1. Are there any pairs with C-beta distances below 8 angstrom linking a residue in the range 188-210 that is over 25 Å from Ile83 (Cβ atoms) to a residue that is among the charged types (D, E, K, R) and in a helix (DSSP H, G or I), with the two at least 6 apart or on different chains, and if so which?
2. Would you be able to say whether some residue in the range 399-407 is surrounded by 16 or more Cβ atoms within 10 Å (Cβ to Cβ) and either touching a Cys at 6+ places or on another chain (Cβ under 7 Å) or on the phi > 0 side of the Ramachandran plot (or both)?
3. Just the residues that are open to solvent by less than 10 Å² (accessible area, probe 1.4 Å), farther than 17 Å from Asp308 by Cα and of a type in the set (A, V, I, L, M), please, taken from the range 438-480.
4. Inside the range 230-261, can you point out the residues that are among the acidic types (Asp, Glu) and either outside any loop (DSSP other than H, G, I, E, B) or open to solvent by less than 10 Å² (accessible area, probe 1.4 Å) (or both)?
5. What's the total number of residues in the range 440-494 that are at positive phi and not in a loop (DSSP other than H, G, I, E, B)?
6. For the range 78-85, does any single residue satisfy the condition of being surrounded by 15 or more Cβ atoms within 10 Å (Cβ to Cβ) and of a type in the set (Ser, Thr, Tyr)?
7. Any idea which residue in the range 400-439 is nearest to Gln369 (Cα to Cα), counting only those that are in contact with a Leu (Cβ under 6 Å, 6 or more places away or on another chain) and assigned to a strand (DSSP E or B)?
8. Quick one: count up the residues across the range 262-302 that are open to solvent by 70 Å² or more (accessible area, probe 1.4 Å), part of a helix (DSSP H, G or I) and at pLDDT 80 or above.
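The values are calculated or read from the model by the stated rules, or taken from the named source; none is laboratory data. Keep in mind that what you see is a predicted model, and the values were worked out from it rather than measured. Cβ coordinates were reconstructed from backbone atoms using ideal geometry, including for glycine residues, and neighbour counts include every protein chain displayed. To get the accessible areas, we keep the full protein, side chains included, count just its heavy atoms, and leave off ligands, DNA and RNA. Shrake-Rupley method; radii C 1.70, N 1.55, O 1.52, S 1.80 Å.
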Amino acid sequence: MVAFRRRMWICGHHSWDRKWMWVLFLWLGFVEFSLADMYSSMSNIQQALETEKVLIEHLGTYLEEETFRLNDLRRFYEKVKTIHDKARAPVSDPVVAYTLLKRLQSEWMNMVHSLEDGDNIKVLKDGYEKMESYLPILEDVEGAAKALMRLQDVYSLNVKDLAKGVFQSGPDSHYNLQYRPDQVCAMSADDCFHIGKVAYEMDDYYHSIPWLEEAVSMFRGSYGSWFTEDEGSLEDALDYLAFSYYKVGNVSQALDLSRECLLYDPDNQRLANNVAKYEKILDENPARGHMEEPWLHRPNVTHLRTRDLYEGLCQTRGSQLHRSVVASGEKQAEAEYRISKSAWLKDTVDPIIRNIDVRIAAATGLNVQPPYAEYFQIVNYGIGGHYEPHFDHATSLKSPLYRTKTGNRMATFMIYLSPVDVGGSTAFIYANFSTPVEKNAAIFWWNLHRNGEGNEDTLHAGCPVLVGNKWVANKWIHEYGQEFNRPCSLNPDD
């Protein structure tokens with residue numbers, strides 16, 4: 001009745017203001033809509049048309065966002081599928097290996113969990129969650145990043161080229177290495193950012209700066225095109241890079257980078273405080289703004305006193321597995337200076353093993369049967385896999401090697417089981433030579449002098465594998481059981 005009376009009142013007046021007509025029109029539409037009688041008035045139908053326009057805008061926005069989301073998924077799918085279509089078997093490229101681990105540890109997770117709920121999406125998420133226990137963890141990706149830094153150091157690799165998937169010595173290197181894989185795997189800005197961040201968190205600015213510089217350069221080139229799978233951004237890379245420069249004493253560069261970062265993130269109070277801090281330092285000591293770029297020093301490696309010799313030799317070409325361990329006091333422990341996995345093969349596993357034992361015995365004249373020799377140790381090296389300078393024989397009476405009660409490791413017989421494209425040679429530090437990896441080749445050496453003393457010339461290292469998949473087999477032969485095959489001598493020179 002109210003609505004009816006209102007309509008009659010309006011019809012009885014012919015000189016209303018157009019503004020009030022529009023207000024009343026909207027009011028009328030609301031009242032009629034509330035009575036669920038929209039069809040009875042063209043004015044209400046007109047309002048319905050306006051309502052649909054709003055819905056069209058919402059649907060258009062949704063379709064735009066959904067199209068972007070689906071295009072983003074398609075882009076990620078095509079990126080990963082292309083990598084797999086071109087992949088070599090087995091994986092031999094360290095850049096391929098690093099980006100694979102990072103992709104599985106974070107990028108897939110970021111993509112899957114960015115999706116909206118729905119029946120189809122639920123199938124994808126359920127499938128992903130079933131595979132989670134098989135995926136690498138953050139420690140794996142960080143280890144791969146450290147391995148790339150190791151390769152960068154040992155082979156004097158240029159970071160810009162390495163980010164492009166090409167292995168080339170830097171301009172200051174005496175080692176002329178140029179290697180381009182058949183299928184080049186370039187890194188993303190986020191890949192470089194993650195490596196720089198790993199170095200930064202170890203206070204290793206020698207490595208963080210070039211990797212973050214590369215990340216910043218790549219992020220700048222694609223600014224505005226952020227990918228769902230990425231964890232870093234231009235702002236993040238600038239922030240980390242600025243503080244890295246500050247830590248090595250280049251306050252002027254830290255200030256410039258922080259100011260740039262503040263342009264992208266103007267509400268970041270911490271950045272603003274850093275800018276003020278750097279400005280104050282330079283105001284109080286203007287000379288620091290004109291300093292030459294500080295010399296970046298590689299981090300000290302306490303267990304590696306022969307690094308220069310070791311790396312120089314490396315640069316010449318002359319689920320039964322578990323992480324390899326090394327003797328650590330009276331215990332066995334994992335170590336960052338040995339990156340590989342190993343397994344032990346008994347001679348009862350296969351007749352081939354026994355045949356190899358027979359041939360080693362014939363070649364060396366030694367008793368290679370347990371307990372006078374150890375079972376074969378099979379080793380597979382990982383990304384940048386290496387074993388820094390060490391002795392095979394025990395240098396302490398507390399060594400676990402003596403638990404067998406068969407004496408020290410008298411000799412080593414090592415077999416290369418696979419070829420390696422670049423790197424991976426065995427470097428004998430004090431003897432000053434290295435042996436390249438040749439499939440089915442073997443190296444034999446005496447670890448002890450005839451008087452039982454250790455031979456320091458046997459200090460050796462497994463150089464990092466740059467490109468390839470390195471497998472070796474080690475046979476360690478002990479003192480006891482060899483009394484008549486290699487008699488002792490009191491002469492210290494024997």
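1. Short answer, once both residue conditions are applied: Asp203/Lys247; Tyr205/Lys247; Ser208/Lys197.
2. Taking every residue of the range 399-407 in turn, at least one turns out to be surrounded by 16 or more Cβ atoms within 10 Å (Cβ to Cβ) and either touching a Cys at 6+ places or on another chain (Cβ under 7 Å) or on the phi > 0 side of the Ramachandran plot (or both).
3. Residues satisfying the conditions are Leu448, Val465, Leu466, Val467, Val472, Ala473, Ile477.
4. Let us first name the residues in the range 230-261 that are among the acidic types (Asp, Glu), namely 230-231, 235-236, 239, 256, 260.
Matches in the range 230-261: Glu235, Asp236, Asp239, Asp256, Glu260.
5. At the first step, the residues of the range 440-494 found to be at positive phi are 440, 452, 468, 481.
After this cut, where a residue has to be not in a loop (DSSP other than H, G, I, E, B) as well, the list is 468.
Result for the range 440-494: 1.
6. No: the range 78-85 contains no residue that is surrounded by 15 or more Cβ atoms within 10 Å (Cβ to Cβ) and of a type in the set (Ser, Thr, Tyr).
7. Checked the range 400-439; the qualifying residue nearest to Gln369 (Cα to Cα) is Met410.
8. The qualifying residues number 9.
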